[in-house]
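Worksheet: the structure to be examined is printed underneath.
The values are calculated or read from the model by the stated rules, or taken from the named source; none is laboratory data. Since this is a predicted model, take the numbers as computed values, not measurements. Cβ atoms come from the backbone with ideal geometry, glycine included; neighbour counts cover every protein chain shown. Quick note on the areas: whole protein, heavy atoms, side chains included, nothing else; ligands and nucleic acids left out. Shrake-Rupley method; radii C 1.70, N 1.55, O 1.52, S 1.80 Å.
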Amino acid sequence: MGETKLTGETTRTLEIERFDFSTLVGHKIVLFAEQFPGKPLVSKVTVANGKSISIDRSGGDGLIDSLVDNQRVVLKIDYKGEPVSVAAKLRRNELGGCRIYLGEAVTPLLRRRFLRVPVTCPFRFAAIPSARFSETSLARLRWLETETVSLSGGGTMIRFTSLLEPPTYLFANVAWSDLGFPSLVLGQVRNSFAPEAGQWHIGIQFISRELRREHLPLPTIRQMPASVFALDETLQAAIERKLIAHLHGNNPL
């Protein structure tokens, strides 16, 4: 079975058969149950077998162990770095275990404005303490080097040897000058997953000028270099066009 790709412009329902949920063992899920309307219950997958999974009954601050048998639930899952939801039914066995039988459809929750193109290029970044950032912080940042897995005007997926937790903010440099990225952009970690032991793929959203106030307080924005917010929606769209042309061989860059 080919790898399921969830990126793209359109959110749609996908067939459950396209997913291999055995990769979720040991990973976090969020469960919404009829019994506790509107309350997210966090647990971990302990067993996955076909269209059913078992979860850690000690999760959800103890509420999962109090879930009654045969009720409808909705799961929110990070599958290969992308959030999806699945309608399901929870069953309790004679030993009190929680087995969840998944429905026939999976719904991607992330609708991208920009299509990520599979390209590899050098990428430098430095995590920033956004709540405490000041002009003097810039000189003390620890810069790290890696490479992209995919790239768009709106974000990137990078390879890295350690986990970066959402919602970490970072300064970044995309070392592909012909694309037109500013020398310094602001990004936020949105998701992470491990395709293999010792290797992480980190999904990063680039914060455009138009979105800066949705992410940072004004005093923090004023302390940051003005060049960080040179990336606006017009420039993002221009970068997108160059990447797509490169993908189709119309622009070697």
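To put it simply, the accessible area of segment 24-133 at a 1.4 Å probe is 53 percent carbon and sulfur. Using C-alpha pairs under 8 Å with a sequence gap of at least 6, the mean separation divided by the residue count of segment 39-122 gives a relative contact order of 24 percent. When all alpha carbon pairs of the chain are counted in 5 Å bins from zero, the resulting P(r) reads 1, 6, 12, 15, 15, 14, 12, 10, 8, 5, 2, 1, 0 %. Dipole magnitude for the chain: computed about the Cα centre from +1 point charges on Lys and Arg Cβ and -1 point charges on Asp and Glu Cβ, it is near 320 debye.
Under a Gaussian network description of the chain, with springs only between Cα atoms under 10 Å, the residue in 147, 233, 214 that fluctuates furthest is 214.
Could you tell me the calculated FRET efficiency between residue 105 and residue 197, based on Cβ-Cβ distance and R0 = 25 angstrom, to the nearest 0.05? The partial results should precede the final answer.
Values: r = 31 Å, r/R0 = 1.25.
Calculated value: 0.20.
Cα centroid separation, segment 52-68 to segment 150-183: 36 Å. Counting only protein heavy atoms and using a 1.4 Å probe, the accessible area of residue 221 comes to about 20 Å². The label-point distance for residue 214 and residue 17, in a model that sets each label 7 Å from Cα toward Cβ, rounds to 3.7 nm.
With contacts taken as Cα pairs under 8 Å and at least 6 residues apart, the chain reaches a relative contact order of 15 percent. The C-alpha atoms of the chain define a longest principal axis, and helix 233-247 lies at about 80 degrees to it.
Before I look further, what does segment 134-253 give for accessible area per residue, probe 1.4 Å, in whole square angstrom? Please report the intermediate quantities before stating the final value.
Details: 5950 Å² over 120 residues.
Using a 1.4 Å probe on heavy atoms only, each residue of segment 134-253 averages 50 Å².
Fully extending the segment from residue 93 to residue 145, taken as 0.36 nm per residue of separation minus the present Cα-Cα distance, adds 13.8 nm. For the chain, a Gaussian network of Cα nodes joined below 10 Å ranks 108, 219, 166 by mean-square fluctuation, and the top entry is 219. Modelled this way, with points 7 Å down the Cα-to-C-beta line, the labels at residue 175 and residue 159 are 1.4 nm from one another.
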